[in-house]
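A short write-up of the structure that comes next.
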Amino acid sequence: MTIIVRKPTESEKNEALAWPVWEKEASSFPWSYTEKETCLVLDGDVTVKAGDREVSFKGGDYVIFPAGLSCTWNIRKAVRKHYKFG
């Protein structure tokens, strides 16, 4: 399962402004996705490990997590993001 990390288009940035915001302090925790999540990261420094793969992202990144993914979040700098499930 692939986690996509890229820079958002202008229309994606504008769309994400209407999504809820999630914030979390520096921490590490397991997480499983029952449905796809798309997010626009506003602040933070995060590495997500899924199996033998790791991806890192930070403020300004657009991230898509696939449904069915089990991973561990390692938040090095508090994260704040807009997010949408489905």
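Just so you know, all these numbers are worked out from the coordinates, no wet-lab data involved. All values derive from a computational prediction rather than experimental measurement. With ideal geometry, Cβ positions are generated from the backbone for all residues, glycine too; neighbour counts draw on all protein chains shown.
Let me check I have the definition right: for the chain, take the eigenvalues of the Cα gyration tensor, multiply each by 5, take square roots. What are those semi-axes in whole Å, largest first?
Values: eigenvalues 71, 44, 27 Å².
For the chain, the semi-axes come out at 19, 15, 12 Å.
So what is the calculated 222 nm ellipticity per residue for the chain, using -39500 (n - 2.57) for each DSSP H run with n of 4 or more, over all residues, to the nearest 500 deg cm²/dmol?
Computed mean residue ellipticity for the chain: -2000 deg cm²/dmol.
Would you grab the residues whose amide H sits under 5 Å from the one on residue 26? Only those 5+ places off in sequence or on another chain, please, with H modelled 1.01 Å from N.
The list, which skips near neighbours in sequence, is 78.
Starting with the fewest neighbours, write out 52, 43 ranked by other beta-carbon atoms found within 10 Å of each beta-carbon.
Ordered by Cβ neighbours within 10 Å, fewest first: 52, 43.
Considering the dipole of the chain built from charges on the beta carbon (Lys and Arg +1, Asp and Glu -1) around the Cα centre, which of 2, 30, 74 is farthest to its positive end?
Toward the positive end, the furthest listed residue is 74.
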